[in-house]
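Worksheet: one structure, shown below.
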Amino acid sequence: MDFNKLVPDFNAVLKTDWTKPQVEKNSIGRTGFIASVLMLVFVFLPWFSIQYEDGSAMRSGITLWYGILGFLAGLVAVASNLYNQKALGFWAAVLAVLFAVIGLIVYPSLTEDGVTLSGEKVKESIEMAKMFEVEIYVSRVGAILYLLASLASGACSFLGLMKK
C-alpha cells in the first residue's frame with residue numbers, strides 16, 4: 001500500500017481541464033460521486049433538533065459554522081469526483097467527517113419566539129428535563145446522515161486511489 005498516493009497533486013489540479021467534468025464509469029466512482037452530492041444535500045437537514053411538550057426548535061447544518069465548512073468540504077468532494085482528483089477528495093471527506101463529529105457533540109444556540117438560548121443553556125435544559133423525567137426528544141439526523149455520506153465518499157476516494 002503506497003500512502004504517497006494520499007498526497008494531493010496540486011500541480012495536476014492546476015492543469016485540470018475544467019470544461020470536461022465526468023463521473024467515473026465504475027461502481028466505486030459513481031458511489032463516491034453520489035455520496036459527495038448527498039453531503040451537500042444533508043447540510044440543509046436539521047443537524048440539531050429538540051422537541052418537547054410545548055414546542056420544538058431546530059438548526060440546520062448550513063446555519064452553523066461547522067455546517068458551512070462541511071458544505072465547502074462537500075463542494076470540494078464533488079469537484080474532486082468530477083475531475084478525478086481522488087487524493088483531494090479523500091482529504092475533503094476526512095475534514096467532512098471531522099465537521100460531522102463536531103455536529104454530533106456540540107449543542108448549538110437555539111432561538112424560539114424571539115428568545116435565544118446559548119448552547120450551554122440548551123444542554124442544561126435537556127439535562128434538567130431528563131432529570132425531572134419530562135419527555136424531550138433530541139435529534140441529530142442531518143449530522144448523522146452527513147457523517148455516513150462523508151465516510152462513504154472518503155472510502156470511495158481511498159479505494160479509487162489504491163486501485164490506481
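Summary of values
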{"item": "Residue-averaged [θ]222 nm for the chain, counting only DSSP H segments that reach four residues, each worth -39500 (n - 2.57)", "result": "-19000 deg cm²/dmol"}
{"item": "Simple Cβ-charge dipole of the chain, Lys/Arg +1 and Asp/Glu -1, about Cα centre, in debye nearest 20", "result": "1100 debye"}
{"item": "Lysine pair count for the chain [Cα-Cα under 14 Å; pairs on different chains or 8 or more apart]", "result": "5"}
{"item": "Amide N proximity, region 75-106 versus W18 label position 7 Å along Cα-to-Cβ, cut-off under 19 Å", "result": "75-86, 88-89"}
{"item": "For the chain, the Rg and Dmax computed from alpha carbons only, in angstrom", "result": "18.9, 61"}
{"item": "Fraction of accessible area attributable to carbon and sulfur, region 1-150 (%, probe 1.4 Å)", "result": "65 percent"}
{"item": "Farthest toward positive dipole pole in the chain [+1 Lys/Arg, -1 Asp/Glu at C-beta], among M131, I102, A87", "result": "A87"}
{"item": "Accessible area per residue, Å², the chain with all protein chains present, probe 1.4 Å", "result": "58 Å²"}
{"item": "Residue-level accessible surface for F71, protein heavy atoms, 1.4 Å, Å²", "result": "50 Å²"}
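The values are calculated or read from the model by the stated rules, or taken from the named source; none is laboratory data. Bear in mind that the values here come from a model prediction, so they are computed numbers and not experimental data. We place every Cβ from the backbone using ideal geometry, glycine too, and count neighbours over all the protein chains shown. Note: areas computed on protein heavy atoms with side chains; ligands, DNA, RNA excluded. Shrake-Rupley method; radii C 1.70, N 1.55, O 1.52, S 1.80 Å.
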